[in-house]
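Following: one structure in structure tokens, then a few remarks.
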Amino acid sequence: MMSPIEAIFSWLEAQDLDLQLDIASFGSFLIFEDGDDPSLSVPEQLEALRQWLNEPELESQAAANRALTFRITIDYFVESRTTGCGWKTIEAKLHKTLDEAKCVGNFSAARKAQRMLQLLPTRQERWHEVARSWNELASTRLTLEALTDWTISVPT
């Protein structure tokens, strides 16, 4: 049977790369003390998160703690991605970026912001699908009871 941390890793890997990068960017900021280190690119943050979830020979209690930490972090993130308020904030930031880019004549940045605004409804729908799959995993394999039962049943 797959451990809770393996189930999380499998769930993360099942997401498309854009979503994995979103999750890694947000998750590394909260999970790792140096998550706000600007020297790490988002792909490097994703790799660090993968290593953190997939560390070999991790003791069951440490794995359960990581699973719980990830669950709390992603529950918060998913909530912000499934509410109108979270998307309104993103939309406002994109409009601000677009306006600023137009003012300074940075047409590349303006095109990118415009494209991101156009893709926002599609991103929202994808995040609703991610939220459904995450909530299913969290409510079955990542409950406190499931984590406790798994930790107790694994030989140390």
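The values are calculated or read from the model by the stated rules, or taken from the named source; none is laboratory data. All figures in this text were calculated on a predicted structure; none of them were measured in a lab. Please note: Cβ atoms are built from the backbone with ideal geometry, for glycine as well, and neighbour counts cover all protein chains shown. To get the accessible areas, we keep the full protein, side chains included, count just its heavy atoms, and leave off ligands, DNA and RNA. Shrake-Rupley method; radii C 1.70, N 1.55, O 1.52, S 1.80 Å.
Given the whole protein assembly as supplied and a 1.4 Å probe, what does the accessible area of Arg123 come to in Å², nearest 10?
60 Å²
How large is the accessible surface of Asp16 in square angstrom, using a 1.4 angstrom probe and rounding to the nearest 10?
Solvent-accessible area, nearest 10 Å²: 60 Å².
Any idea how far apart Ser133 and Ser153 come out in nm if each label point goes 7 Å out from Cα toward Cβ?
Label at Ser133, label at Ser153, 2.4 nm between them.
What is the percent carbon and sulfur in the accessible area of the chain, measuring with a 1.4 Å probe over the protein chains and ignoring ligands?
Details: 5170 of 9490 Å².
Solvent-exposed carbon and sulfur of the chain make up 54 percent of the total.
With the contact rule set at Cα under 8 Å and sequence spacing of 6 or more, what percent relative contact order holds for the range 55-156? List each step's numbers first, then the result.
Values: 52 pairs, mean separation 40.1, N = 102.
For the range 55-156, the relative contact order is 39 percent.
Hydropathy at least -0.5 by Kyte-Doolittle, axial extent at least 18 angstrom from the Cα trace: which helices of the chain, defined as entire DSSP H runs, fit?
Details: long enough: 17-31 (20 Å, 1.27); 60-82 (32 Å, -0.12); 84-104 (30 Å, -0.36); 107-140 (47 Å, -0.83).
For the chain, where a helix must reach 18 Å along its axis and average at least -0.5, the hits are 17-31, 60-82, 84-104.
Out of residues 5 or more away from Asn106 or on other chains, whose amide H comes under 5 Å of its own, with H placed 1.01 Å from N in the peptide plane?
HN-HN under 5 Å from Asn106: empty list.
To the nearest 10 square angstrom, how much accessible area does Ser60 have with a 1.4 angstrom probe?
It works out to around 10 Å².
Mind giving me the FRET efficiency for Glu100 and Leu120? R0 is 22 Å, r the Cβ-Cβ distance, nearest 0.05 is fine. Write down the numbers at each step before the final one.
Details: r = 18 Å, r/R0 = 0.82.
Computed FRET efficiency for Glu100 and Leu120: 0.75.
Using +1 on the beta carbon of Lys and Arg, -1 on that of Asp and Glu, and nothing else charged, what's the dipole of the chain about the Cα centre, debye to 20? Don't skip to the answer; put the middle values down first.
Details: 15 positive and 24 negative charges, 184 e Å.
Approximately 880 debye in magnitude.
Below 10 angstrom from the Cβ of Gln20, what's the summed charge of the other residues (Lys, Arg +1; Asp, Glu -1)? Show your work: numbers first, answer last.
Values: positive: Arg50; negative: Glu13, Asp16, Asp18, Asp22.
Neighbourhood net charge equals -3.
Working from the pairwise distances between different alpha carbons, so that the mean of 1/r is found and then inverted, what is the range 1-128's Kirkwood radius in Å?
Working: mean 1/r = 0.0614 Å⁻¹.
By the Kirkwood definition, the hydrodynamic radius is 16.3 Å.
Given a 1.4 angstrom probe, what's the average accessible area per residue across the range 42-146, in square angstrom? Can you show the working numbers first?
On the way: 6490 Å² over 105 residues.
Normalised by residue count, the accessible surface of the range 42-146 is 62 Å².
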